[in-house]
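Q: Mind looking over this structure? Questions follow.
The values are calculated or read from the model by the stated rules, or taken from the named source; none is laboratory data. Small disclaimer: the values here were computed from a predicted structure and weren't measured. Counting neighbours? That spans all protein chains shown, and the Cβs are built from the backbone with ideal geometry, glycine included.
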Amino acid sequence: MTEKSSSFESVRGLLIGVLITAGAIYLLIAIGGTPRAPARAPESSFLVPVGSEGRLSRGSSSVPVAIDEEMLAELKRAADNNDASGIGPIFIVSDGTTVRVSESGRSGLRVRILDGSQKGRVGWVPFDWVKPLRNSN
């Protein structure tokens with residue numbers, strides 16, 4: 001009987017060890033796999049919603065527009081220094097150009113140019129460069 005008790009105790013100990021290890025692994029996976037909240041656009045009164053029209057303005061006579069979203073940080077930095085040379089791919093539109101917001105990304109808005117020489121082109125600009133259109137009542 002002692003041999004059976006010893007065997008039972010060793011199997012029981014092994015089973016408890018396996019259960020504790022499996023529980024710890026599950027806990028680590030659950031903690032590490034918790035989905036993080038996606039980056040959201042800043043909530044502000046000047047944000048033009050997706051599907052709406054707005055106008056581009058950054059307090060200058062021209063507004064650079066990035067071809068892809070990855071260029072936005074560099075575009076904003078260059079525009080703040082009034083030196084868009086060396087960055088790309090971009091195109092330039094006039095301040096006040098009308099746009100339609102087609103997508104909201106992590107760091108800016110995707111817009112379609114609705115007037116001017118670049119009409120029809122699509123690009124990315126920082127959130128705060130797109131202003132709502134004023135209603136003329």
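Q: Is region 61-81 home to any residue that is at pLDDT below 95 and on the phi > 0 side of the Ramachandran plot?
A: No, because not a single residue in region 61-81 is at pLDDT below 95 and on the phi > 0 side of the Ramachandran plot.
Q: So, one more: Out of Ser107, Ser6, Ser10, I need the residue that is part of a helix (DSSP H, G or I) and modelled with pLDDT of 75 or more. Which one?
A: Exactly one residue qualifies, and that residue is Ser10.
Q: Out of Ser107, Ser62, Ser102, I need the residue that is in contact (Cβ under 8 Å) with a residue 12 or more places away in the chain and out of contact with any strand residue (DSSP E or B) (no Cβ under 7 Å at 6 or more places or on another chain). Which one?
A: After applying the criteria, what remains is Ser107.
Q: Could you figure out which of (1) over 20 Å from the mean Cα position of the chain (by Cα); (2) at pLDDT below 90; (3) of a type outside the set (Asp, Glu) isn't true of Pro132?
A: (2)
Q: Quick check: is even one residue across region 86-95 assigned to a loop (DSSP other than H, G, I, E, B), without any contact (Cβ under 8 Å) to a residue 24 or more places away in the chain, of a type in the set (A, V, I, L, M, F, W, C) and over 16 Å from Glu53 (Cβ atoms)?
A: Yes, that holds for at least one residue.
Q: Please specify each residue of region 28-59 satisfying the condition of being at pLDDT 55 or above and in contact with a Ser or Thr (Cβ under 7 Å, 6 or more places away or on another chain).
A: Val50, Glu53, Arg55, Leu56
Q: While we're looking at this one, here's another question. Any chance you could count how many residues in region 46-66 are touching a Phe, Trp or Tyr at 6+ places or on another chain (Cβ under 7 Å), in the same structural domain as Pro126 (by TED's automatic domain parsing) and assigned to a loop (DSSP other than H, G, I, E, B)?
A: 2
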